[in-house]
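Down below is the structure, laid out as structure tokens.
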Amino acid sequence: MHSGQPQHNTVTSMKQEKLERAVPHDALERTGHDHSHVAKGDSAIATVAWMIIFGDGLHNFVDGLSIGAAFQTSTLTGISVSVAVFCEECPHELGDFAILLNSGMTLKQAIISNVLSASTCYLGLVVGIVVGDIPGVTVYIFGFAGGMFLYISLAAMMPEMAELLDKALAEGKGMRMLLLQNLGLLVGVVLMFVLAMFQGNIQFV
């Protein structure tokens, strides 16, 4: 009775080895035949990538909307809003690009997706310029855009800054990271303060 069991195990292992030689394990993962783990992972990765693309597209549309409405108010207001959007978009887009790469996209796919989502900013710019002439509309646009910026800073950037500070403290570089973070915040506050307080005195040739 017991002599048949080792033979059965040997035959099973031989079949498994032939299957692995015929179809490599990475090919099974690419085709999604590993239903226990890979298929679910592929679905989750695709969902995350699409959420990033569509969410970033909507976010960039609101950025363009606020910039267009700001330029309809005054040139200096448009420049100040553009500076704020630029300072926020640089780390934001780099973070989205890294997420798309980690989600399984190739470098070319991630670049194309980022460019397409960023192009909605131009659509928002046109809409902002058009509706900026309507009395009272710019107030709601600035209110919506300001709330979005507050959400990004408080719900996304501040926790990330705290996480980076914790890692720097563990590496013995906490003071340097703290100074860099506060210097960046101070530069942003000073720029917005100067533009807000002295916009009437700044003139362009």
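What follows is calculated from the coordinates using simple rules that are stated; it is not laboratory data. Predicted, not measured: the structure shown is a model, and the values here were computed from it. Cβ: placed from backbone, ideal geometry, glycine included. Neighbour counts: every protein chain shown.
Provide the FRET efficiency to the nearest 0.05 for the V48-L123 pair, computing r from the beta carbons and using R0 = 25 Å.
0.55
Sort the following peptides by mean Cβ neighbour count (other Cβ atoms within 10 Å, averaged over residues), highest first: 60-67, 120-127.
60-67, 120-127
Give the peptides 129-137, 145-153, 71-79 in descending order of average Cβ contacts within 10 Å, highest first.
Per-residue mean Cβ counts within 10 Å order the peptides as 71-79, 145-153, 129-137.
Please report, in whole Å, how far the alpha carbons of the range 65-205 spread along each principal axis, starting with the longest.
Between the extreme Cα coordinates on each principal axis of the range 65-205 lie 53, 38, 29 Å.
If you take every residue apart from S117 with its C-beta less than 10 Å away from the C-beta of S117, what net charge results, scoring Lys and Arg +1 and Asp and Glu -1?
-3
Please give the peptides 162-171, 80-89 ranked by average Cβ packing (other Cβ atoms within 10 Å per residue), highest first, as a rough proxy for protection.
Put in order of decreasing packing, that is 80-89, 162-171.
Extension gain V187-N102, at 0.36 nm per residue separation less the Cα-Cα distance, in nm?
Answer, rounded to one decimal: 27.4 nm.
What relative contact order, as a whole-number percentage, does the range 42-150 give when Cα pairs under 8 Å and 6 or more residues apart are counted?
46 percent
Determine the sum of side-chain charges near M177: Lys and Arg each +1, Asp and Glu each -1, restricted to other residues whose C-beta is under 15 angstrom from that of M177.
-1
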